[in-house]
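To keep things clear, I will list the structure first and then write my remarks on it.
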Amino acid sequence: MRLDKYLKVSRLIKRRTVANEACDAGRVSIGGKVVKASYEVKVGDVIELHFGEKVSRYEVVSIQENVRKDAAADMYRAIL
């Protein structure tokens, strides 16, 4: 699954266009490398989101095409 779609489906970012813009701006990295929106997400990847001074890290636990809002948080694990 593409990174921008994963961010939207997992609800880490609200809209796919916003996820795409964040990737284009270099605010999303996986494994310490800035990646494009077309990056294929795999289970075990660690996604870093950079917004301002805040850096959030999430590990990909599962990949699903469609998921209900209440189950979206089960797709990732927050890393502190």
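The values are calculated or read from the model by the stated rules, or taken from the named source; none is laboratory data. Computed from a prediction, not measured in an experiment: that's the story for all the values here. For neighbour counting, all protein chains shown are included, and Cβ atoms are generated from backbone atoms with ideal geometry for every residue, glycine included. Protein only, heavy atoms only, side chains kept; ligands, DNA and RNA dropped before computing areas. Shrake-Rupley method; radii C 1.70, N 1.55, O 1.52, S 1.80 Å.
Where in the chain are there strands (runs of 3 or more DSSP E), lying fully within it, with 1 or more residues that are more than 11 Å from the chain's Cα centre (by Cα)?
Passing ranges, in order: 46-51, 54-60, 76-79.
Report, by residue number, each residue of region 1-40 that is open to solvent by 90 Å² or more (accessible area, probe 1.4 Å) and either touching a residue at least 40 places away in the same chain (Cβ under 8 Å) or aromatic (Phe, Trp, Tyr) (or both).
Listed by number, the list holds a single entry, ARG11.
Taking region 43-65 only, how many residues are over 18 Å from ARG16 (Cα atoms) and either among the β-branched types (Val, Ile, Thr) or open to solvent by 70 Å² or more (accessible area, probe 1.4 Å) (or both)?
8
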